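The values are calculated or read from the model by the stated rules, or taken from the named source; none is laboratory data. Note that the structure is predicted; figures quoted are calculated from it, not measured. Positions of Cβ are generated from backbone atoms using ideal geometry, with glycine treated the same way; all protein chains shown enter the neighbour counts.
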Amino acid sequence: MISFLKRMPGVAAGELIMFCARALTGVRPLWRGSLPTSARRVYFANHGSHGDFVLIWTTLPAALRRVTRPVAGQDYWLATAVRRFLGSKVFNALLIDRMKSQPHQPSPVDLMADVLNKGESLIIFPEGTRNTTEAPLLPFKSGLYHLGKKCPDVELVPVWIDNIRRVIPKGQWLPVPMVCSVSYGAPLAIGPDEDKATFLKRAEAAVLALRPQESIEP
Amino acid sequence: MIHSPSQNAPFHEQTGWLFIAVLGVLVFASVIGGLLKWTVARGEPHGVIDNLNSRIKAWWVIVLLVSLAFTLGKTGVVMLFMFMSFAALREYVTLTYTRTADHLVLALMFYVALPLQYYLIWIEWYGLYSIFIPVHVFLTMPILASFGGDTNRFLERTAKMQWGLMICVFCLSHLPALLTLDIPGYEGRHLLLIAYLIMVVQASDVLQYVWGKLIGKRKVAPQLSPSKTVGGLVGGIGSATLLGTGLYWCTPFAPWQAALVSLTICLMGFLGGLVMSAIKRDRGVKDWGTMIEGHGGMLDRLDSVVFAAPVFFHVVRYWWVP
């Protein structure tokens, strides 16, 4: 009972956020190559806006949403009380210290592997930062490769989030309504002798291939 | 500003009859759909029949929503159409080329122009709601867009956004605006006029689809729409005009007037569908969205009504409002 009351504000805020996301974007999932199953997964997606993982989160079935944690930068999500609340109570984010403020702390890949070993799934944005350029996708950082090597039985699912960059363009705070979609592709596996660069290129291509034809985003 | 007597009149008896008739048609359609599924498709997946059945299912939802809005009177109807305009405009801008510099214009469209247009209809201020979007908002939009400082495809971007506001908000808002007309001898029955327009135009769409499947061969406009045939056009508009004539008793029209008005709105509806198909073709999409299962998006269902509504409104206003 007490624990339920403690969880209430987070759950209520989560529902409110999902309601707003649906009202603004009418977001719908397109399962193109994978299905929403309880398999342990790393969803890796393009990153153009703070709304990105809200959309992934909203399109996952509730049972999967509870065990899927976004990976996010600690500097951003601990900066204010509201963000701390959202990060820990609503999205249950796995926070990564990008600044490496303390020595001897476990590496981000180790932290992510711990979560996966507990049976949970992760949402990551391998571009490393929000893409505010004209290019559709920035080159991926290597974390995805190392994580895939460390946890070979976890499904690596490419995701394309379409149109959210037009809902909140860079430098704007007021979202405007636009229909968004989240496309989930077929899981990738790292080949036995595939090197890092080759795999990352393949992962980028897999994400880009999910982009709808009619997409207008820069 | 002219305030007519309360349009929040209680449910008229004729509205009840119309509602029962529509329910009857839906039950009939559902039975036919179920029979086709069992006899022709034998329970197997079947493109055309499954699409027909999801369309019928969507019609149940549409009819229930419209009925609910009607029971709430003017406020309910204005809210319903405001919501439909919102969904339609959201689909429209999604498929329209805009740039970051247009953000303020888009915010104006959704958060100012749309609610204000429906508010003006709610307070029944004809003098302003009939020019608010085509004059004031249309001038404000390129001004705000120029503040964005991006001249890339400037006129194209502005014109496309204006056109979106025109069809998704301005034209559609002429349906609830029917409630603001003072028609002598027709007091308290305005909701019927809205139901009449929707029924005749949507029946024309449905009947064009049915006639097209039965006898349609030659395409009317192969470059624009693969599904519109001469047989569907003539049969659909002909039978919908007959329906509109038969429903004259729920309008202020005499039977021959009802026939002419029906023919006009059915033709406008058909032409509206043609124009919206051309836009979709140009963008390389089949549907505007996926909001209504079996039909596509909100705009796919509204394209014909959007073109018929302002014409119907002004025909009624010119000849029946003293």
_Only one of A:R32, A:R28, A:R83 is more than 24 Å from A:T132 (Cα to Cα) and basic (K, R). Can you tell me which?_
A:R32
*Which of the residues that make up region B:256-289 are touching a helix residue (DSSP H, G or I) at 6+ places or on another chain (Cβ under 8 Å), in contact (Cβ under 8 Å) with a residue 24 or more places away in the chain and within 12 Å of chain A (Cβ to nearest Cβ)?*
B:W288, B:G289
*Looking at A:V154, is it touching a strand residue (DSSP E or B) at 6+ places or on another chain (Cβ under 9 Å) and either within 14 Å of chain B (Cβ to nearest Cβ) or within 30 Å of B:V112 (Cα to Cα) (or both)?*
no
_Condition first: among the hydroxyl-bearing types (S, T, Y) and touching a residue at least 12 places away in the same chain (Cβ under 8 Å). Now tell me which residues in region B:149-206 satisfy that._
B:T158, B:S173, B:T180, B:Y186, B:Y196, B:S204
*Within region A:170-181, identify whether any single residue is within 15 Å of the chain's Cα centre (by Cα), closer than 30 Å to B:M161 by Cα, part of a strand (DSSP E or B) and within 14 Å of chain B (Cβ to nearest Cβ), and answer yes or no.*
yes
*Please indicate, with yes or no, whether at least one residue in region A:153-167 is of a type outside the set (S, T, Y) and without any contact (Cβ under 8 Å) to a residue 40 or more places away in the chain.*
no
*Among the residues of region B:92-110 satisfying the criterion of being within 16 Å of B:M166 (Cβ to Cβ) and aromatic (F, W, Y), which is farthest from the chain's Cα centre (by Cα)?*
B:F110
*Answer yes or no: is there a residue in region B:299-315 that is at pLDDT below 95 and in contact with a strand residue (DSSP E or B) (Cβ under 9 Å, 6 or more places away or on another chain).*
yes
*Would you mind stating whether B:R90 is at the interface with chain A (Cβ under 9 Å from one of its Cβ atoms) and at pLDDT 95 or above?*
yes
_Residue among B:T75, B:T151, B:T140 that is away from chain A (no Cβ under 14 Å), surrounded by fewer than 21 Cβ atoms within 10 Å (Cβ to Cβ), outside any helix (DSSP H, G or I) and of a type in the set (S, T, N, Q)_ = B:T151
*Looking at region A:83-112, which of the residues that are among the aliphatic types (A, V, I, L, M) and closer than 23 Å to A:H146 by Cα is modelled with the lowest pLDDT?*
A:M99
*asked:* So, B:L214, is that one aliphatic (A, V, I, L, M) and either within 14 Å of chain A (Cβ to nearest Cβ) or in contact (Cβ under 8 Å) with a residue 24 or more places away in the chain (or both) or not?
replied: no
*Go through the residues of region A:138-149 one by one and say whether even a single one is part of a helix (DSSP H, G or I), of a type in the set (A, V, I, L, M) and either under 24 Å from B:L89 (Cβ atoms) or more than 14 Å from chain B (Cβ to nearest Cβ) (or both).*
yes
